[in-house]
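Let me begin by presenting the structure, written as structure tokens, before commenting on it.
The values are calculated or read from the model by the stated rules, or taken from the named source; none is laboratory data. Model, not experiment: these values are computed from the prediction. For neighbour counting, all protein chains shown are included, and Cβ atoms are generated from backbone atoms with ideal geometry for every residue, glycine included.
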Amino acid sequence: MYAIIVHGGAGVRKIPKDIQEQREKVLRKSCETGAEVLAKGGHALDAVEEAVKVLEDSSLFNAGTGSALTLTSEIEMDAAIMDGSTLKAGAVACIRNVKNPISVARKVMEKTSHVLLVGEGATLFARKMGFEEYDPRTDYRVKQLKKYFKEWLEGKLDFYRENLEVAKLYVKEPGTVGAIALDKNRNIAAGTSTGGFVLKLPGRVGDTPIIGAGIYATNMGAAVATGLGEAIMKFCLSFRIVSMIENGLLPQKACEKALEELTLRFGRNTAGVIALDKHGNLGYCFNTLGMDMAYRVHR
Ligand code: ASP
């Protein structure tokens, strides 16, 4: 048996139909790419990395190419990967100018004693590991920043309101992805990658590379989150879900319970999650308008 589940971020805005169809196609491709690795007897870590790379390489998601821009129009990406069997994990935060942050996160896990590298240190590490300089910026994101910045100043966006004052010191004018796989040898691995939130302050790190918040995996199950990192981190969302799975809850029930509690504390439009246990049971839940996903279970 093997299983894989991938997501393309929890969205709060309606996506045009043609773009939505393209996104679904890429998500299916990501899922199939991971499933092919698993079908050949490959390791869950390889399946997760390959599945996330497909999503990072598509400009339709907020990860890798097409990542959201910071307030100062930069791209700073976060990513993490975790091996459920060994609890080994690797992550990068605020990394710049690389094509696949998920692969750099895997190198942190496999080639260093550390778990998380940030900013210039993360980018320098990527270069030392042979990752070439790459500009993940897209025209769509540049336009989006201008539009959102205006709406934000007018008070039409309900996130990062407390930043409005400090934001003026920076500028005068101005969908995350994840995967969890279970391989034929019962290894579970999880991976996640994001450009973060549009309009974030430079240097801001979200939940994605924080072990226990945006990602967690053990040999019993794994969870990966998406949404407003500031809420997800305070709630340690992924760790809670995996704990519930370890205590006997099915992933679907665990996702629903955790999301219900998170929504009570932080309101709607804050998070989405996917989860998988060692028996190949899947779970997902979101309190946003939607969350694109694809999965495949082979018994
Ligand atoms: N959770 C990510 C962050 O806050 C963003 C997302 O999931 O879309 O950086």
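Remarks
- Test result for Lys257, surrounded by fewer than 19 Cβ atoms within 10 Å (Cβ to Cβ) and either in a strand (DSSP E or B) or not polar (S, T, N, Q) (or both): yes
- Contact annotation: residue pairs with Cβ atoms under 8 Å, 6 or more positions apart or on different chains, pairing a residue in the range 123-134 that is within 16 Å of Arg106 (Cβ to Cβ) with a partner that is of a type in the set (S, T, N, Q) and part of a helix (DSSP H, G or I), are Phe131/Ser103.
- Of the listed requirements (1) crowded, with 19+ Cβ neighbours inside 10 Å; (2) in contact with a Gly (Cβ under 8 Å, 6 or more places away or on another chain); (3) not in a loop (DSSP other than H, G, I, E, B), Arg240 misses just one: (2).
- Val198 passes every criterion in (1) in contact with a Phe, Trp or Tyr (Cβ under 6 Å, 6 or more places away or on another chain); (2) hydrophobic (A, V, I, L, M, F, W, C); (3) surrounded by fewer than 23 Cβ atoms within 10 Å (Cβ to Cβ); (4) closer than 22 Å to Lys88 by Cβ apart from (4).
- Test result for Val52, more than 19 Å from Asn281 (Cα to Cα), within 16 Å of the ligand (Cβ to nearest atom), among the aliphatic types (A, V, I, L, M) and at pLDDT 95 or above: yes
- Against the numbered list (1) surrounded by 24 or more Cβ atoms within 10 Å (Cβ to Cβ); (2) away from the ligand (no atom under 12 Å from the Cβ), Pro209 comes up short only at (2).
- Residues satisfying the stated conditions in the range 252-295, i.e. aliphatic (A, V, I, L, M), over 25 Å from Ala47 (Cα atoms) and in contact with a strand residue (DSSP E or B) (Cβ under 9 Å, 6 or more places away or on another chain): Ala258, Leu259, Leu262, Leu289
- Scope the range 122-148; condition in a helix (DSSP H, G or I) and either touching an Asp or Glu at 6+ places or on another chain (Cβ under 8 Å) or among the charged types (D, E, K, R) (or both); matching residues: Arg127, Lys128, Asp139, Arg141, Lys143, Lys146, Lys147
- Among the residues of the range 129-151, those that are surrounded by 12 or more Cβ atoms within 10 Å (Cβ to Cβ), of a type in the set (Lys, Arg) and farther than 18 Å from Thr194 by Cα comprise Lys146, Lys150.
- Check on Asp183, among the charged types (D, E, K, R) and within 16 Å of the ligand (Cβ to nearest atom): no
- Test: residue in the range 57-72 that is at pLDDT 95 or above and in a helix (DSSP H, G or I): yes
- Boolean, Gly155 is in a loop (DSSP other than H, G, I, E, B), modelled with pLDDT under 95 and crowded, with 19+ Cβ neighbours inside 10 Å: no
- Scoring Asp292 on the criteria (1) in a strand (DSSP E or B); (2) modelled with pLDDT of 95 or more leaves a single failure, condition (2).
- Residue-level check: of (1) among the aliphatic types (A, V, I, L, M); (2) assigned to a loop (DSSP other than H, G, I, E, B); (3) closer than 30 Å to Thr218 by Cβ, Leu117 misses just (2).
- Residues that are over 21 Å from Ala271 (Cβ atoms) and not in a loop (DSSP other than H, G, I, E, B) within the range 189-225 comprise just one, Ala189.
- Filter pass, Gly178 being within 13 Å of the ligand (Cβ to nearest atom), of a type in the set (Gly, Ala, Ser) and in a strand (DSSP E or B): yes
- Subset of the range 212-235 [closer than 19 Å to Leu276 by Cα, touching an Asp or Glu at 6+ places or on another chain (Cβ under 9 Å), among the hydrophobic types (A, V, I, L, M, F, W, C) and more than 10 Å from the ligand (Cβ to nearest atom)]: Ile215, Ala217, Met220, Ala222
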